[in-house]
Amino acid sequence: GGYGIVKGVIALNKLVRVPLQTAKVAKLSAKTLNEGNGFLGHKGFELKNPSFQSIRNKPTIIEGRSYGAHALDQMQNRGFTPSIVEGTIQHGTSMPNKVSGRMEFFEPINNISVITEDGKVVSVMYGRLS
């Protein structure tokens, strides 16, 4: 009898701690995302910005290249690193974008397109745009 009670108390203790651990993970995840260096999506699991938060990141400069907030969000959502984006700009096929003043760069090996405006990255996506 006593052994069963002890096992029950231990199981109950573990069950009570699960919501607290889940809350800790959620809090850390939200903090990490707000810092702009958190979860990354990928082609099979693309993240989306919530409807109440259109932009998570702030514009910044990485390795001398300016990135807009939208571009940083899309890079994070789709799992693109700045090195992949820079490689696409340096070695991809370039063409004028349909928006005046913007350029598109497409790199077929990674199948990504990068849109820039005056050298600033404004968007990044899978596939060819034109």
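Other residues within the sphere of radius under 15 Å centred on the Cβ of Thr116, judged by their own Cβ, net out at -2 (K and R +1, D and E -1).
Stretching the chain fully between Ile84 and Glu63 yields a gain of 6.3 nm (0.36 nm per residue, less the alpha carbon separation).
What are the trypsin sites (Lys or Arg not before Pro) within region 57-123 that DSSP puts in a loop, where the Cβ has at most 10 other Cβ atoms within 10 Å? Mind showing how you got there, number by number?
Details: sites: Arg65, Arg78, Lys98, Arg102, Lys120; in loops: Lys98.
Passing sites in region 57-123 are Lys98.
Read-outs: derived from the displayed coordinates by stated rules, not from any lab. None of the values given here were measured: they were computed from a predicted structure. No Cβ is skipped: glycine too gets one built from the backbone with ideal geometry, and neighbour counts run over all protein chains shown.
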